[in-house]
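**Q** One structure follows; several queries about it will come next.
The values are calculated or read from the model by the stated rules, or taken from the named source; none is laboratory data. Everything numeric in this text was worked out from a predicted model, so none of it was measured. Neighbour counts are summed over all protein chains in view; Cβ atoms, including those assigned to glycine, are modelled from backbone coordinates with ideal geometry. When the accessible area is computed, the model is the full protein with side chains, heavy atoms only, and any ligands, DNA or RNA have been set aside. Shrake-Rupley method; radii C 1.70, N 1.55, O 1.52, S 1.80 Å.
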Amino acid sequence: MLNVPSQQTRGSHSQGASMEKYECTMCEYTYDPAKGDPGRGIPPGTSFDDLPNNWTCPKCNAGKNMFTAVEE
Amino acid sequence: MNPVEIVPGIQWVGVLDTQLRVFDVIMEAKHGTTYNSYLVRGRDKVALIDASKAAFAETYLETLRPAIDPAAIDYMVCNHLEPDHSGALADVLDVASNAQVVVTKPGRALLRAILNRDVKPTIAAEGDRIDLGGRTLRFILAPFLHWPDTMFTYLEEDQILFSGDFLGAHYCDPRLFNDLIPNYDEAFHYYFQVIMRPFKEYVRQALDKIASLPIKVVCPVHGPILRRDIGRYIDLYRQWSAEPPAPKKKCVLVFYVSSYGNTERMAHAIGRGIRDAGADVAVVDLTAVDVRGMLDDIEAAEGIAVGTCTINGDALEHAWSLLSSLTTIKLKDKLGATFGAFGWSGEGPLMLAERMKGLKFRVPEEPMRVQLVPSDADLKACEEYGKRLVSAL
């Protein structure tokens, strides 16, 4: 059987989508899934993982890979 | 060069790059440059502030060694990690085996990517201090001046500001101090325009932060050390980083490059539409101006429209050149539009529109394109296009 995550676990609004915050290591902007990035069409409730790969930091344009999870 | 004393116990230990004429590929350096590094001795500890470029690692260590045995350095402070100051860091740390690297939090990620080795730096937060014994380094965060990790290091007792690229210039004179050399205002201004101008808002924040500090000497990482008329240089930064007053009327600039006059006629029709809709407009032939001299106007305008004809499936070089000249000004959310006449394919304006989106322009309208000679109806449509641009401001 292929090990493909099902739609139910991957959808941005689905139960269990991570609401973990991520911080830009360059400018310390924090991405908060509860807020999303509405200015660029990312609705509230979108987990960091579900952001498109070409999403960049709204403050300094650093790529998604420059973010780290915020330890709370 | 030999180490040069700034005050007893503090030495310049940098590198003169007299031959450099182009810096970082993009920047003129008519007078060469220097990579300044500074050695600060306290009673108990020694700090080295900023290093040099990789290509000069050996020259740099030759200057450093007569001043100190590198193994006796306790702290390697990196005010920012751009490779012209951190490229030699690996070589420095090889011999300065007891040195603790000091960077800001964003600097930690950059440090790892520069050294590709496991280093555990000390993270400097706003206002943190390191006591060297009778000499205290205080760290002042200055993000985006001009790298995200930038900080200044202030030596409290001697009132010396180690300012990184801030207040620097590409200017090489072995006499080092601004009171010993001819006026270099032109290089100082050019450096601001290319390096600091994209970050005006951060320049203003940093100026506010240092406003209350007594400063006897400013030690930047490029160019002359300032020990006379410091206030004048700071005032120039104030002046250059100020936001221009908001114009009373909105303004759209229309640029074009046209081989047979068809794109030119479209440009003027779009210009008429903009004016009729109540905004200011200037219609500019890209073959007749140096756009570098228009950056202030472009930055102040609410929008720009760029027209090009299409030759062999591409926009013309003048149009590309305009869009490649805008990296030092703020474009986010500025209105962008493209247009142009063409023979049979007309990709030029489409390609420019994509490029403008990539530069963070807001591009609400599809490119306005006309095959060959614009008819009266086409020119009317261009006027309407100009009006729509104004209503989208």
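**Q** For segment A:17-61, what does the relative contact order come out to in percent, with C-alpha contacts under 8 Å and a separation of six or more?
**A** Relative CO of segment A:17-61 lands at 36 percent.
**Q** Please give the per residue accessible area of segment B:88-149, computed with a probe of 1.4 Å over protein heavy atoms only, in Å².
**A** 43
**Q** Quick one: divide the alpha-carbon radius of gyration of segment B:18-98 by 2.2 N^0.38 Å and tell me what you get.
**A** Rg over 2.2 N^0.38 Å, computed on Cα atoms: 1.15.
**Q** Turning to a different aspect of this structure: Report, ordered by chain and residue number, the aspartates and glutamates lying within cross-link reach of residue B:360, taken as a straight Cα distance under 15 Å and ignoring same-chain residues fewer than 8 apart.
**A** List returned: B:299, B:302, B:333.
**Q** How high is the relative contact order of chain B, in percent, with contacts defined as C-alpha pairs under 8 Å that are six or more residues apart?
**A** About 11 percent, as a whole number.
**Q** Sticking with this structure for a sec: Within segment B:315-333, name every residue whose backbone N is under 14 Å away from a label modeled 7 Å from Cα of residue B:204 along the Cβ vector.
**A** Taking a point 7 Å out along Cα→Cβ of residue B:204, the residues of segment B:315-333 whose backbone N falls under 14 Å are B:330.
**Q** Here's a follow-up. For segment B:130-179, rounded, prolate or oblate, judged on the Cα gyration tensor with a ≥ b ≥ c (square roots of eigenvalues), a/c < 1.5 rounded, else prolate if a/b > b/c?
**A** Oblate shape, in that a/c is at least 1.5 and b/c is the bigger or equal ratio.
**Q** Give the aspartates and glutamates reachable from residue B:53 as a straight Cα distance under 19 Å; neighbours fewer than 8 places away on the same chain don't count.
**A** Answer for residue B:53, where 19 Å is the Cα cut-off: B:17, B:24, B:28, B:62, B:82, B:84, B:91, B:94, B:149, B:165, B:173, listed by chain and number.
**Q** Next question. Return the loop-located trypsin sites (Lys or Arg not before Pro) in segment B:354-391 (DSSP other than H, G, I, E, B) with at most 10 other Cβ atoms within 10 Å of their own Cβ; answer none if there are none.
**A** none
**Q** Same structure, new question: Apply 1/(1 + (r/R0)^6) to the Cβ-Cβ distance of residue B:28 and residue B:344, taking R0 = 25 Å, and write down the FRET efficiency to the nearest 0.05.
**A** Rounded to the nearest 0.05, the efficiency is 0.05.
**Q** Also: Is it possible to state the helix-based mean residue ellipticity at 222 nm for chain B, with each DSSP H run of 4+ residues giving -39500 (n - 2.57), the sum divided by total residues, to the nearest 500 deg cm²/dmol? What is it?
**A** Using -39500 (n - 2.57) per qualifying helix, the result is -8500 deg cm²/dmol.
**Q** Roughly how large is the A-B contact in terms of buried accessible area, totalled over both chains, probe 1.4 Å, nearest 100 Å²?
**A** Summing both sides, the interface buries roughly 700 Å².
**Q** Which percent of the accessible heavy-atom area of the protein assembly as shown goes to carbon and sulfur, probe 1.4 angstrom?
**A** Taking all protein chains in place, the protein assembly as shown shows 50 percent carbon and sulfur surface.
**Q** Another question, if that's okay. Give, as a single signed number, the net charge of other residues whose beta carbon lies under 13 Å from the beta carbon of residue B:365, with Lys and Arg counted +1 and Asp and Glu -1.
**A** It works out to a net charge of +3.
**Q** Something else about it: If you filter segment B:71-124 for trypsin sites (Lys or Arg not before Pro), then keep DSSP loop positions with at most 15 other Cβ within 10 Å, what is left?
**A** Sites meeting the loop and neighbour criteria: B:117.
**Q** Given 25 °C and 0.890 mPa s, compute D for segment B:223-294 with the Stokes-Einstein relation, Rh being the Kirkwood radius over Cα pairs; round to the nearest whole µm²/s.
**A** 157
**Q** If r is the Cβ-Cβ distance from residue B:317 to residue B:242 and R0 is 41 Å, what FRET efficiency results, to the nearest 0.05?
**A** Rounded to the nearest 0.05, the efficiency is 0.75.
**Q** While we're on this one: Tell me, what HN-Hα J-couplings in whole Hz come from the Karplus equation 6.51 cos²θ - 1.76 cosθ + 1.60 at θ = phi - 60° for each residue of segment B:311-319, using x for Gly and Pro?
**A** Those phi angles translate into 10, 6, x, 9, 5, 7, 3, 4, 6 Hz.
**Q** If eta is 0.890 mPa s and T is 25 °C, what Stokes-Einstein diffusion coefficient results for segment B:106-223, Kirkwood Rh from Cα pairs, in µm²/s?
**A** Value of D from the Cα-based Kirkwood radius: 157 µm²/s.
**Q** Okay, moving on. Take the alpha carbon atoms of segment B:217-260, find their center, do the same for segment B:319-361, and report the distance between the two centers in whole angstrom.
**A** 24
**Q** Grab the alpha carbons of chain B, take their convex hull, and tell me the volume per residue in Å³.
**A** Taking only Cα atoms, chain B has a hull volume of 149 Å³ per residue.
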